[in-house]
Structure formats: C-alpha cells, structure tokens
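> Take a look at this one; I'll ask things after.
The values are calculated or read from the model by the stated rules, or taken from the named source; none is laboratory data. This structure is a prediction, so every number in the text was calculated from the model and none was measured. Cβ placement follows ideal geometry from the backbone for every residue including glycine, while neighbour counts extend to all protein chains displayed. For accessibility, only protein heavy atoms count, side chains too; no ligands or nucleic acids. Shrake-Rupley method; radii C 1.70, N 1.55, O 1.52, S 1.80 Å.
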Amino acid sequence: MIRAALARRGERGSASHDTKISDADLVTETDVAVETMVRCRIATVFPDHLFVGEEGTGEPLNGCDRTGKFVWIVDPIDGTTNFVSTFPVVAVSIGFAYGDETIFGVVYNPMTDELWFAWKGCGAWMKKSNGEVVKIRTSGCETISSALISTGFAIPYFRRKTANVEAQKKLRSIIEQNTWTLMNSCRDIRRIGSAACDICYVAMGRTDTFYEFGIKEWDVAAALVILHEAGGDSSTVGGVKPYSIRGRNILAAASQKLRIALNQALVDKDVVQIIEEIEQ
Ligand code: IPD
Ligand code: CA
C-alpha cells in the first residue's frame, strides 16, 4: 500500500498531507489506510486482542488496564515526514505486547525492503532486500567517543502556536545541552526521521545508540524487543530508570556500558512534565 502510494506519486515530489498537533506533525491518507488494513486483519484473527494505533482508527483504550491482556501497538507509517518527501527511511511498525511488555515486534521499511523482527527470548533477525534472513547483533560499542548516535530533536513536533512558551524553552534548552555535549564527544550524530528504524539500526549495528524525548509507544514498541534480542539495552535518557513502553523519554544503546555512559552524560530533568505542560 505504501509502495503503491509512492509509485502513484512517481517523481511528483511531496505527497498531500494534513497536519496534526503542530505544523510539522503530518498525516496522509496512506497512514490511515495502512492502519485500517492492519487493524482489520488483526481483528479477524484475534478479535479479543486490544489495538493501539497512532491514527486512532481503533476503539480508544483511554487508560484501560492492560494487565493480562494482549495488545497490538501499531504505527502504520513511522516517519511520515520522510514518506511525504520520499526520503527513504519509513517503517510500518507492529508490536505485540502482553500487558505492558512487548513480546514480538516487526518493523518493515517498504522503501528499502528491509524487515527486522524478534520474539522475546528467540533472538532478533533481519530480512534483507535480497531475501536473505540473518541473525542480527548490535555493534557492542561501549564508549561515547566511538559511537555513531541518532536522535530526534522533538522541537518541531511540539512547536504548537498555543503551547506554553516557558515549557517549550525548557525543552529546547535540554535538547541543546545534550546535543552540545555529544557534538563534543561522540563520533557523529544523525537525524534519521523514523524512531522505529533508528532503533533497528542500533539493533543491527548500523548505528550505536538512539535517544529522543516525546516519542509514543507506537514509535518504539516493536523496535525495542528487536533491540533487546540483539543484545542492546534501553532506559530513560538520563538517570537509570528502565524504559517503559508508554514512556516519553527513550535511550536505546548497543551495550549496557554505552547506555550507562550516556545516562551519565545526558540530562532529562523533568522532561516528561515539561512535555505534558506543552501538550496541555
Ligand atoms: C515520528 C518519527 C520521528 C520522531 C517523532 C515521531 P511519525 O513518527 O519517528 O523520527 O522524531 O517523534 O513522532 O509521526 O512519523 O509516525
Ligand atoms: Ca506515524
């Protein structure tokens, strides 16, 4: 469906899109169509399972207790800005959780025909565009100085006209501080544009770590199980809190040592409250 949309568009440039909460938060008719197709297929086979999708095509879960329930967590197109501009890093991301723990994840980039998948306890795998299926491991990188880092700058997504200006300034200052710290200490920094692909890249050793504030569960639920099965580690950005799939503050690293070094180097003070203030 995504490839067909791209083919229809040909070389015409940007796809038509609407915006959601800010002028940089895009949605296309393909996002909604893919989510509807995935939700309907899942509902046919597993009518009792819960469904959470970025475009909200399912029943709203509204704080529903997920304990003891199976939940599908889907981003139909992670990297919609890339999709709109035909920048070739986008993902269909499908996570399958029991309660709040993802036990299966699959991430597919239809533009490069790369697919990553993992079952908890069974390892992580990649199907390359030539059809070859290989087991993947992170790079094992342990130091910031040798790390190729990817991130998302969050600010465009929170650039709402009505937002609390003081909270926006605080978020900007945290992001600037972290960027400056890493600029002076890491190998280099990338902004790739799809959190699901960012984390799969860490899982396969294409990059060494990824961090971002403000992400949502559909951006990362599937990719995190792939990362952990590939030997990576995750937490909040600063401090030592384990990451929870409904958190808004994520650090994914190739090794525990690198994760701890980054926890110590980066700041995230009050970031979740700041994001909530912006979103109010
Ligand atoms: C976005 C992408 C992007 C990240 C944003 C996400 P979307 O997902 O993952 O890289 O910076 O935080 O919202 O909106 O394109 O599905
Ligand atoms: Ca999306």
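> Which of the residues that make up the stretch 197-245 are within 14 Å of ligand 2 (Cβ to nearest atom) and of a type in the set (Lys, Arg)?
Passing the criteria: only Lys216.
> Let me ask something else. What number goes with the only condition from (1) in contact (Cβ under 8 Å) with a residue 12 or more places away in the chain; (2) under 28 Å from Tyr108 (Cβ atoms) that Asp268 does not pass?
Of everything listed in (1) in contact (Cβ under 8 Å) with a residue 12 or more places away in the chain; (2) under 28 Å from Tyr108 (Cβ atoms), Asp268 misses just condition (2).
> From the list Gly205, Gly232, Gly247, which one is in contact (Cβ under 8 Å) with a residue 12 or more places away in the chain and on the phi > 0 side of the Ramachandran plot?
Working: Gly232 fails: on the phi > 0 side of the Ramachandran plot; Gly247 fails: on the phi > 0 side of the Ramachandran plot.
Of the residues listed, the single one that is in contact (Cβ under 8 Å) with a residue 12 or more places away in the chain and on the phi > 0 side of the Ramachandran plot is Gly205.
> Could you run through the stretch 48-78 and say how many residues are within 16 Å of ligand 1 (Cβ to nearest atom), outside any loop (DSSP other than H, G, I, E, B) and β-branched (Val, Ile, Thr)?
Summing the residues that are within 16 Å of ligand 1 (Cβ to nearest atom), outside any loop (DSSP other than H, G, I, E, B) and β-branched (Val, Ile, Thr) in the stretch 48-78 gives 4.
> Among the listed residues Gly63, Gly58, which satisfies the condition of being without any contact (Cβ under 8 Å) to a residue 40 or more places away in the chain, out of contact with any His (no Cβ under 7 Å at 6 or more places or on another chain) and either among the acidic types (Asp, Glu) or over 30 Å from Lys170 (Cβ atoms) (or both)? Walk me through how you get there before you give the answer.
Numbers: Gly63 fails: either among the acidic types (Asp, Glu) or over 30 Å from Lys170 (Cβ atoms) (or both).
On inspection, the qualifying residue turns out to be Gly58.
> Any residue at all in the stretch 43-52 that's closer than 25 Å to Ile199 by Cα, among the hydrophobic types (A, V, I, L, M, F, W, C) and open to solvent by 60 Å² or more (accessible area, probe 1.4 Å)? Give the derivation first.
First pass over the stretch 43-52, keeping only residues closer than 25 Å to Ile199 by Cα: 50-52.
With among the hydrophobic types (A, V, I, L, M, F, W, C) added as a condition, the list becomes 50-52.
The next check asks that each one be open to solvent by 60 Å² or more (accessible area, probe 1.4 Å); those that pass are none.
No, the stretch 43-52 contains no residue that is closer than 25 Å to Ile199 by Cα, among the hydrophobic types (A, V, I, L, M, F, W, C) and open to solvent by 60 Å² or more (accessible area, probe 1.4 Å).
> Here is a further query. Within the stretch 149-169, identify whether any single residue is under 23 Å from the mean Cα position of the chain (by Cα), part of a loop (DSSP other than H, G, I, E, B) and small (Gly, Ala, Ser), and answer yes or no.
Yes, the conditions are met somewhere in the stretch 149-169.
> Can you give me the number of residues within the stretch 171-211 that are of a type in the set (Asp, Glu) and open to solvent by 20 Å² or more (accessible area, probe 1.4 Å)? Walk me through how you get there before you give the answer.
The initial filter retains those residues of the stretch 171-211 that are of a type in the set (Asp, Glu), namely 176, 188, 198, 208.
Filter once more, so that each one left must be open to solvent by 20 Å² or more (accessible area, probe 1.4 Å): 176, 188.
Residues flagged as of a type in the set (Asp, Glu) and open to solvent by 20 Å² or more (accessible area, probe 1.4 Å) within the stretch 171-211 amount to 2.
> Here is a further query. Would you check which residues across the stretch 69-78 are more than 7 Å from ligand 2 (Cβ to nearest atom) and either within 12 Å of the chain's Cα centre (by Cα) or aromatic (Phe, Trp, Tyr) (or both) and list them? If you could, list the steps in order and put the result at the bottom.
Initial filter on the stretch 69-78 (more than 7 Å from ligand 2 (Cβ to nearest atom)): 69-74.
Listed by number, the residues that qualify are Phe70, Trp72, Ile73, Val74.
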